[in-house]
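Student: Could you have a look at this structure, given as structure tokens, before my questions?
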Amino acid sequence: MKSAALNPIILCIASLALTAAAPTFAKGDPVAGKQLVWTCTGCHGIPDYKNAYPNYRVPKLGGQNEQYLINALSEYKKHERAHPTMRAQAESFSEQDIENIAAYLSSVGTANEK
């Protein structure tokens, strides 16, 4: 009978232990990120701007999903994405810089507005 009464307690303790063991993600600082995005506006801040080669519309970044931005910049930094200008930009940023940039850009406007 005692073991049946302990099951909810054991489940609660196990649940708390798993939650504590879950990976934590660093949170970006949007204020610091705002200081870093000034170079981004040269392409991403121009309405209807098109890249010369390969020819495509340069996406607006305001309001994009924060994790998407982190992933994209990290992939450019690791040369997993091919755009040479973006690679050069991303290589100049630390991981914390990337998180700060993503926090800022995801907090301004929306992807549809920008």
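Student: Quick one: count up the residues across region 38-91 that are surrounded by fewer than 11 Cβ atoms within 10 Å (Cβ to Cβ) and in contact with a Leu (Cβ under 6 Å, 6 or more places away or on another chain).
Tutor: The number of residues fulfilling the criteria is 0.
Student: Just the residues that are touching a Cys at 6+ places or on another chain (Cβ under 9 Å) and in a helix (DSSP H, G or I), please, taken from region 55-85.
Tutor: Thr85
Every number here is computed from the coordinates shown, using simple stated rules; none is lab data. Bear in mind that the values here come from a model prediction, so they are computed numbers and not experimental data. No Cβ is skipped: glycine too gets one built from the backbone with ideal geometry, and neighbour counts run over all protein chains shown.
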